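The block underneath contains the structure these notes are about, expressed in structure tokens.
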Amino acid sequence: MRRTDDRSHGSDHGPDDERLDDGRLEAERGGATVLLLAIGLVFVLFGTFGAAIAAAGMARQRAAVAADLGALAGAARALDGDAKACASAGDIAGRNGGRLAGCRLDGLDVLVTVEVAFTPLPGMSRVAASTARAGPLRG
């Protein structure tokens, strides 16, 4: 005589699969856990890359501020010559988390380039750079 329950009607489940109290097969246990882990991993990856983008934006902003302030400090010493103007610009840029990458006088204007190093992801270092110009007001 042939059995007529769900386990024998062309189902992909083996004859040894047992049903749980809520009607699910025991072999299907844990599927939701794997799905939730995958979704959690996606959230972690998006969060990590979002944090990397935010770190790059903050480093770019820090470089811009350090370059602006360095250029203003250098312009205040422009009459003392290139060396003193750039030394002043480098000091202020360093105090604002940057490194003076370039400095030159253009007449009484001081042109300053500042770099800020940052780490967007572990093991990855990048540099954000910004350039600023400052000098006397021209009419």
Quiz item: Can you give the accessible area of SER125 in Å² (nearest 10), computed on protein heavy atoms with a 1.4 Å probe?
Solution: 90 Å²
Quiz item: For the residue pair ASP91 and ALA76, what label-to-label distance in nm results when each label sits 7 Å from Cα along the Cα-to-beta-carbon direction?
Solution: 0.9 nm
Practice problem: Report the label-to-label distance for VAL34 and ALA55 in nanometres (one decimal), using points 7 Å from each Cα along the Cα→Cβ vector. | Solution: 3.3 nm
Quiz item: Averaged per residue, what accessible area in Å² does region 32-139 show with a 1.4 Å probe, protein chains only?
Solution: 62 Å²
Quiz prompt | Estimated FRET transfer efficiency (ALA83, THR48; beta-carbon r; R0 35 Å; 0.05) | solution = 0.20
Quiz prompt | Diffusion coefficient, µm² s⁻¹, Stokes-Einstein with Kirkwood Rh over alpha-carbon pairs of region 68-139 at 10 °C and 1.306 mPa s | solution = 129 µm²/s
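For region 52-139, run through the trypsin sites (Lys or Arg not before Pro) and keep only the ones in DSSP coil with at most 10 other Cβ atoms within 10 Å of their Cβ.
Hits after loop and neighbour filter: ARG138.
The values are calculated or read from the model by the stated rules, or taken from the named source; none is laboratory data. Because the structure is a prediction, the values reported are computed rather than measured. Neighbour counts run over all protein chains shown; Cβ positions are idealised from the backbone, glycine included. These accessible areas exclude ligands, DNA and RNA; they are computed on the full protein's heavy atoms, side chains included. Shrake-Rupley method; radii C 1.70, N 1.55, O 1.52, S 1.80 Å.
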